[in-house]
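Chemist: Let me begin by handing over the structure; questions about it come next.
The values are calculated or read from the model by the stated rules, or taken from the named source; none is laboratory data. As the structure is a prediction and not an experimental result, all values here were calculated from the model. Cβ coordinates were reconstructed from backbone atoms using ideal geometry, including for glycine residues, and neighbour counts include every protein chain displayed.
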Amino acid sequence: MTNHKVVIIDFIHNGPQTCFVKFSGFDGDNNNEYEGMVRFVGEMPYGDIIHPTKSELSNDCREFLKDYLLDKYQLGEFNE
């Protein structure tokens, strides 16, 4: 089993529907550290780092990161 990690650095809301989340982490498959940002519009996350063809992360880490961020968002952890 791979050991992926994510640490939320900061988040900020820009209007009622948009939230930017900055994070760093570790891709256990590629053995690389990473940092990035995604934008939530409504409940959907957007960003190259979680995009299937644009991300430099391994597929497993990209899915882990996306699921992690969605879980945190749905739990209300990015509310001001």
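Chemist: Give the range 13-34 a look and list any residue that's assigned to a strand (DSSP E or B), surrounded by 12 or more Cβ atoms within 10 Å (Cβ to Cβ) and more than 13 Å from the chain's Cα centre (by Cα), or say none.
Modeler: 13, 18, 32
Chemist: Which ones in the range 46-70 are surrounded by fewer than 19 Cβ atoms within 10 Å (Cβ to Cβ) and either within 17 Å of residue 12 (Cβ to Cβ) or touching a residue at least 60 places away in the same chain (Cβ under 8 Å) (or both)?
Modeler: Passing the criteria: 46, 47, 68.
Chemist: Would you mention how many residues in the range 57-79 are closer than 14 Å to residue 4 by Cα and assigned to a loop (DSSP other than H, G, I, E, B)?
Modeler: Summing the residues that are closer than 14 Å to residue 4 by Cα and assigned to a loop (DSSP other than H, G, I, E, B) in the range 57-79 gives 2.
Chemist: Still on this structure, I have one more. On the given criteria, is residue 76 over 16 Å from residue 10 (Cα atoms), more than 9 Å from the chain's Cα centre (by Cα) and of a type outside the set (Val, Ile, Thr)?
Modeler: When the stated conditions are applied, residue 76 does not pass them.
Chemist: Can I ask one more? Note down all Cβ pairs under 9 Å where the first residue falls in the range 1-13 and is among the polar types (S, T, N, Q), the second is assigned to a strand (DSSP E or B) and modelled with pLDDT of 95 or more, and they're at least six residues apart or on different chains.
Modeler: Hits for this filter: 2/27; 3/26.
Chemist: What single numbered condition from (1) surrounded by 13 or more Cβ atoms within 10 Å (Cβ to Cβ); (2) assigned to a strand (DSSP E or B) fails to hold for residue 10?
Modeler: It fails just one condition, (1).
Chemist: Can I ask one more? Take the range 35-53 and flag every residue that is part of a loop (DSSP other than H, G, I, E, B) and either at pLDDT 95 or above or within 10 Å of the chain's Cα centre (by Cα) (or both).
Modeler: 47, 51, 52, 53
Chemist: Which of the residues that make up the range 21-44 are under 15 Å from residue 74 (Cβ atoms) and in contact with a Leu (Cβ under 7 Å, 6 or more places away or on another chain)?
Modeler: Hits for the range 21-44 are 21, 38.
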